[in-house]
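Asker: What follows is a single structure, and I will ask about it in a moment.
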Amino acid sequence: MLKLVSTFFILFFIFSCDKPQKKENQEKKHNHPNLILTVKSVAEIKSKLGAIPLFDKTLKEVQEEVDLEINKGIDVPIPKDMAGGYTHTQHKLNYAIMQKAGVLFQLLEDEKYAIYIKEMLLQYAKMFPSLDRHPQIRSYARGKLFWQCLNDSNWLVYTSQAYDCIYNWLSKEETEYLNKTLFKPYADFLSVETPQYFNRVHNHSTWGNVAVGMIGLVMDDDELVHRALYGLDKEDLDLTAKDNDGGFIFDKDGKAGFFANLDSPFSPDGFYTEGPYYQRYAMYPFLIFAEALQNKKPELHIFEYKSGILIKAVNALLNLTDADGEFFPLNDGQKGMSYYTSSLVSAVDIAYYYGSKKPDLLSIAKKQNKVQLDATGLSVALGLKENKEQPFIKNSLELTDGSKGDEGGIGILRHQNDNETLALVLKYTGQGLSHGHYDKLSFSMYENGEEVLQDYGLSRFVNVEQKNGGGYLKENKTFAKHTIAHNTIVQDETSHFNYDFATGSKHHSEKYVFDVSNPDFQIVSAIEENAYPDTKLHRTMIMVKDANLKKPFIFDINKITSNQKHNYDLPFYYFGQIISTSFNYDVSKTFSPLGNKFGYQHLWKEASGKADSESIQFTWLNNRKFYTITAATDKTDALILARIGAKDPEFNLRTDPTLIIRKKGAQNTTYASIIESHGRYNPVTEKATNAYSNFSKIEILKDSKTYSAFKIHFKNEKSRTLILSNLNNSKNKKHSVNIKCKNYNWSGVYYYK
């Protein structure tokens, strides 16, 4: 390990530390900085310092953080550890502090920040040529400083910004040395030496493309910039080498590079096919490189590319959050990640500055309570100072998936009344690349930012070294990705597409209807015909605000048609404690796994029973709120109470409970349920309010190929009838159907009265 203090440095034969500035001896260079900060923006920021509260606050916090690290001295350890380990964490800290020190040097004109960056860069330049690939053999693309090239790209993206900030301050000899010894070799290592990493359509490769492009812009190396934008020449690569996590994965036109990663994963609505967790992670390189390109190569008109996709992506991402700003954990997603993360601070600021300065983004920035220290952050801080912010309203909306918006999507139904919110998310997307889960037509539900019925998310403790070095746990592939880990239909205890990545990647679900024009009756419906051979899954979810009820309730209709008989499971992953059930069950004296594979091996079977009724109810309490599922059942339906955690000797999985409704030997069948939030419990007064469901039952009146009809019975003896057209989704189609000697006539997909 090489450890130095900032006031002490071993001189290289071509440098002189005691004379940091000899600009009169330098040949004329391009004006720097010119990537994120520019000469013009630095001057503007300096002229306003002390008069822009949020910017000044952020600057002060950054200065305190950087000064503390400078006082500790420079630490550039030999790489050794996995994510979360000492060397990994130190190199992450180094690039973050260098980037911030570069900003401070430009804005405060204190040379100690430039000296700190230079001394650290020279240490990296001395070490880099001697480094082999990282000693931890865990990644398809091992890095130099880190166990995977992804983190090395993080290093180069941030360090490029620091280098840009001190480039003109350095001597010509120093920049030539750093370019030749450190930066050009690093860019080549991440690209031509690791093509299986660089030439992909994936968030990893986005970071790689941007790393090479950013340092190329600093060094005015057009070849590197071209490589970043368009990828390596495919003629020189093996296009047949593929696997789930690595290999050469191009877009459908055989393209790679930054533009391909904008074209292929993003839908026209700004949805990123890997899911919001990785969209959040990728937005920083996407937007920071776009800002640099706008400053350095404005002729590319990067923020206009694909009809302004980058700005749309920020809006989409903000809408993919619950009431607390936490991202829905679709696909591989860590719960708790929110728009308060630093990458979203940058994203909001850049989107505001380059996206017509929408005032609702200012309300998000105000909550974030910090800004990016550049022209975009200055603009946001000024907007907040002038009280221009407006609320960011998350309305019900659909976000399409696929580069052309024709590969399914995400349907979000929302209700908001004062501080009471309800959100339902139905997923009917494509596979989502290597981070996708096998969960067609799965859903999750939130109330006031709290999960009611959950998506498990990923199985990983990010940057916790004790848990597999901070990487993905094996349970991510043995449970979290599997269908049974989600609130959707499982056929014959087998995951969708037989858990085959290549097959899943060929298919996507199809929207049937999405209509939120009536806030009291919002409907989303989608069809999946490829998850199982010769089986069609059709799920319809409706958020209904009834005048007789305080809160909306959810219709959940799963219609299944197949050419032969199968067993079906529908799980509901809830939180909290069971309050009551309308069915009897037997508690297992000895817990055993529910199955042997496809995720079932990780579920303890705690209790089971039979419906013995045409409608059952299940009530639980969580976060002091009561919830009930009322479901239409066959008397022979099995009801299973299970819990995650079986065959998990290292306790990597959360021990969350689930209710599973199982239908055996069914060919064409339908699940019909009502999900409701209906009361509260006050532990101080020890009083329960509205602890019982508002419904007595739900019954299936008719279930044919063309129509499905249901009747819900309220406990006040009122009832409502819902009829769905299963084959024709035209808004103008007129329907007439006779059910139990009564004629129903209507136009459109549904009848509800």
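Asker: Could you tell me which of the residues Y158, Y167, Y163, Y197 is closer than 15 Å to K118 by Cα and under 22 Å from the mean Cα position of the chain (by Cα)? If you could, list the steps in order and put the result at the bottom.
Answerer: Numbers: Y167 fails: under 22 Å from the mean Cα position of the chain (by Cα); Y163 fails: under 22 Å from the mean Cα position of the chain (by Cα); Y197 fails: closer than 15 Å to K118 by Cα.
Being closer than 15 Å to K118 by Cα and under 22 Å from the mean Cα position of the chain (by Cα) holds for just one of Y158, Y167, Y163, Y197, which is Y158.
Asker: Can you name every one of the strands (runs of 3 or more DSSP E) wholly within the stretch 591-709 that holds 1 or more residues which are surrounded by fewer than 19 Cβ atoms within 10 Å (Cβ to Cβ) and not β-branched (V, I, T)? If you could, list the steps in order and put the result at the bottom.
Answerer: On the way: elements: 603-610, 615-622, 625-632, 638-644, 657-666, 669-682, 687-689, 695-703.
Hits in the stretch 591-709: 603-610, 615-622, 638-644, 657-666, 669-682, 687-689, 695-703.
Asker: How many residues are more than 17 Å from K559 (Cα to Cα), of a type in the set (A, V, I, L, M, F, W, C) and within 36 Å of the chain's Cα centre (by Cα) when one looks only at the stretch 713-747?
Answerer: Result for the stretch 713-747: 0.
Asker: Checking the conditions here, which among L361, L318, L344, L330 is of a type in the set (A, V, I, L, M, F, W, C), more than 30 Å from N476 (Cα to Cα) and crowded, with 20+ Cβ neighbours inside 10 Å?
Answerer: Working: L318 fails: more than 30 Å from N476 (Cα to Cα); L344 fails: more than 30 Å from N476 (Cα to Cα); L330 fails: more than 30 Å from N476 (Cα to Cα).
Of L361, L318, L344, L330, the one residue that is of a type in the set (A, V, I, L, M, F, W, C), more than 30 Å from N476 (Cα to Cα) and crowded, with 20+ Cβ neighbours inside 10 Å is L361.
Asker: I want to confirm something. Restricting to the stretch 489-524 and keeping residues that are assigned to a strand (DSSP E or B) and among the hydroxyl-bearing types (S, T, Y), which single residue is nearest to F598 (Cα to Cα)?
Answerer: Within the stretch 489-524, the subset assigned to a strand (DSSP E or B) is 490-491, 494, 510-515, 521-524.
Going one step further and asking which of them are among the hydroxyl-bearing types (S, T, Y), we end up with 494, 512.
Details: T494: 6, Y512: 28 Å.
The residue in question is T494.
Asker: Among the residues of the stretch 72-83, is any part of a helix (DSSP H, G or I) and surrounded by fewer than 24 Cβ atoms within 10 Å (Cβ to Cβ)? Break it down stepwise before answering.
Answerer: Applying the first criterion (part of a helix (DSSP H, G or I)) to the stretch 72-83 yields 72.
Next, only the ones that are surrounded by fewer than 24 Cβ atoms within 10 Å (Cβ to Cβ) stay: 72.
For the stretch 72-83, residues part of a helix (DSSP H, G or I) and surrounded by fewer than 24 Cβ atoms within 10 Å (Cβ to Cβ): present.
Asker: Listed residues V314, V348; which is among the β-branched types (V, I, T), assigned to a helix (DSSP H, G or I) and without any contact (Cβ under 8 Å) to a residue 40 or more places away in the chain?
Answerer: After applying the criteria, what remains is V348.
Asker: Looking at N151, is it of a type outside the set (S, T, Y) and at pLDDT 95 or above?
Answerer: yes
Asker: If you don't mind, another one. Restricting to the stretch 641-695, name every residue that is of a type in the set (F, W, Y) and in contact (Cβ under 8 Å) with a residue 60 or more places away in the chain. Let's see the steps before the verdict.
Answerer: Initially, the stretch 641-695 is screened for residues of a type in the set (F, W, Y), giving 651, 671, 681, 692, 695.
Of everything in the stretch 641-695, those that are of a type in the set (F, W, Y) and in contact (Cβ under 8 Å) with a residue 60 or more places away in the chain turn out to be Y671, Y681, Y692, F695.
Asker: Looking at the stretch 168-200, which of its residues are outside any helix (DSSP H, G or I) and either touching a Pro at 6+ places or on another chain (Cβ under 6 Å) or among the hydroxyl-bearing types (S, T, Y) (or both)?
Answerer: Kept after step one, since they are outside any helix (DSSP H, G or I), are these residues of the stretch 168-200: 168-171, 191-194, 199-200.
Residues satisfying the conditions are S171, S191, T194.
Asker: Pull up the stretch 729-741, narrow it to residues that are without any contact (Cβ under 8 Å) to a residue 40 or more places away in the chain and surrounded by 13 or more Cβ atoms within 10 Å (Cβ to Cβ), then point me to the one that is nearest to K511 (Cα to Cα).
Answerer: For the stretch 729-741, the residue satisfying everything is K733.
Asker: Using beta carbons and a limit of 8 Å, which pairs, at least six apart or on different chains, have the first residue in the stretch 531-551 and in contact (Cβ under 8 Å) with a residue 12 or more places away in the chain and of a type in the set (S, T, N, Q) and the second one assigned to a strand (DSSP E or B) and surrounded by fewer than 17 Cβ atoms within 10 Å (Cβ to Cβ)?
Answerer: From residues that are in contact (Cβ under 8 Å) with a residue 12 or more places away in the chain and of a type in the set (S, T, N, Q), the pairs are T535/T561; N548/F714.
Asker: Return the residues of the stretch 160-193 that are among the β-branched types (V, I, T) and surrounded by fewer than 21 Cβ atoms within 10 Å (Cβ to Cβ); say none if nothing qualifies.
Answerer: The initial filter retains those residues of the stretch 160-193 that are among the β-branched types (V, I, T), namely 166, 175, 181, 192.
Across the stretch 160-193, the qualifying residues are T181, V192.
The values are calculated or read from the model by the stated rules, or taken from the named source; none is laboratory data. Keep in mind the model is a prediction, meaning the values are calculated, not measured. Quick reminder, even Gly has a Cβ in these numbers, built from the backbone with ideal geometry, and neighbours come from all protein chains shown.
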